[in-house]
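Trainee: The structure that follows is given in the form of structure tokens.
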Amino acid sequence: MEENMTVDMWAKAWEEGKTTHMPELCNIFTKHVDKMLNSRKQVKCFVPLCGKAVEMKWLWDKGHEVVGVECGEEALKEFFEENKIGCSIIQIPELKGKLYKSDDGRIRLYCCDFYLFNSAIESEFGAVWDSGALNAINVTDQEKYVAIIKSLMGNKCVNLTVIDDVTDWEIPVNYDKMKTWFKDGFSIEANDYVKANKSLESFGIKGQQLYIISKI
């Protein structure tokens, strides 16, 4: 794992096929998605550093709205191509990037630097699926990242944040940090730890820790 990855480095990694993409639904997602959606219909869901995550297609198939942010344009192209979902591409000057928008408008994937994304672009999310994004960013950017996530979480939003436990490096996020970041106006619990399956083990991941963050 690179110590300090830049936007250009992530984009190049997608172009060269050097990213970690799971072709099947995350075990934690299937086990806990009901907590995230909380029996609500047509939930506006945010997926930070989304790549071409298969969970986005699952949420869309269930009638929800999906908004993602990803700097690797190749991932967004592949998401729509592989899932055979028609889309249009719109230039977004204020983000210095593009929007890949499904023909029905319910999937909106922004290709840009995550730190340019803000609540003036999209806001009031009812759910967040953060699978490894928080632990993939540079440690020096963590507080900036969390501030953006908090600003996007709407009333009664439920955020499932998954932190990878990787064999060859120290976990950059722990419960103490999470409790410090999400205190005023939020509740947080270290909910579940799931041992890695063979697919995850092939990427050097021992297991995954789930934090459930709710806006109160």
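Trainee: In the list Asp61, Asp103, which residue meets the criterion of being modelled with pLDDT of 95 or more and more than 22 Å from Leu160 (Cα to Cα)?
Mentor: Numbers: Asp61 fails: more than 22 Å from Leu160 (Cα to Cα).
Of the residues listed, the single one that is modelled with pLDDT of 95 or more and more than 22 Å from Leu160 (Cα to Cα) is Asp103.
Trainee: Mind listing just one residue for me: the one in segment 17-40 that is open to solvent by 90 Å² or more (accessible area, probe 1.4 Å), in a loop (DSSP other than H, G, I, E, B) and over 22 Å from Ile149 (Cα atoms) and, of those, modelled with the lowest pLDDT?
Mentor: Lys18
Trainee: Kindly indicate which of Lys52, Lys44 is crowded, with 16+ Cβ neighbours inside 10 Å, closer than 24 Å to Glu189 by Cα and in contact with a Phe, Trp or Tyr (Cβ under 7 Å, 6 or more places away or on another chain). Give the steps one after another, and end with the answer.
Mentor: Working: Lys52 fails: closer than 24 Å to Glu189 by Cα.
The match here is Lys44.
Trainee: Among (1) in contact with a strand residue (DSSP E or B) (Cβ under 7 Å, 6 or more places away or on another chain); (2) of a type in the set (A, V, I, L, M, F, W, C); (3) open to solvent by 10 Å² or more (accessible area, probe 1.4 Å), which single condition is Val139 missing?
Mentor: It is condition (1) that Val139 fails.
Trainee: Leu160 passes all but one of (1) more than 27 Å from Pro93 (Cα to Cα); (2) at pLDDT 95 or above; (3) surrounded by fewer than 22 Cβ atoms within 10 Å (Cβ to Cβ); which number fails?
Mentor: (3)
Trainee: Looking at Val194, is it among the β-branched types (Val, Ile, Thr) and either surrounded by 21 or more Cβ atoms within 10 Å (Cβ to Cβ) or not in a strand (DSSP E or B) (or both)?
Mentor: Details: among the β-branched types (Val, Ile, Thr): yes; either surrounded by 21 or more Cβ atoms within 10 Å (Cβ to Cβ) or not in a strand (DSSP E or B) (or both): no.
Considered against the rule, which asks whether it is among the β-branched types (Val, Ile, Thr) and either surrounded by 21 or more Cβ atoms within 10 Å (Cβ to Cβ) or not in a strand (DSSP E or B) (or both), Val194 comes out as no.
Trainee: Further, regarding this structure: Among the residues of segment 77-96, how many are closer than 25 Å to Asn27 by Cβ and either polar (S, T, N, Q) or open to solvent by less than 30 Å² (accessible area, probe 1.4 Å) (or both)? Break it down stepwise before answering.
Mentor: The first filter runs over segment 77-96 and keeps only residues closer than 25 Å to Asn27 by Cβ, leaving 78-79, 82-83, 85.
Within this subset, residues satisfying the condition of being either polar (S, T, N, Q) or open to solvent by less than 30 Å² (accessible area, probe 1.4 Å) (or both) are 79, 83, 85.
Number satisfying all stated conditions: 3.
The values are calculated or read from the model by the stated rules, or taken from the named source; none is laboratory data. Because the structure is a prediction, the values reported are computed rather than measured. Here the Cβ is made from the backbone with ideal geometry for all residues, glycine too, and neighbour counts use every protein chain on show. All accessible areas refer to the heavy atoms of the entire protein, side chains included, with ligands and DNA or RNA removed. Shrake-Rupley method; radii C 1.70, N 1.55, O 1.52, S 1.80 Å.
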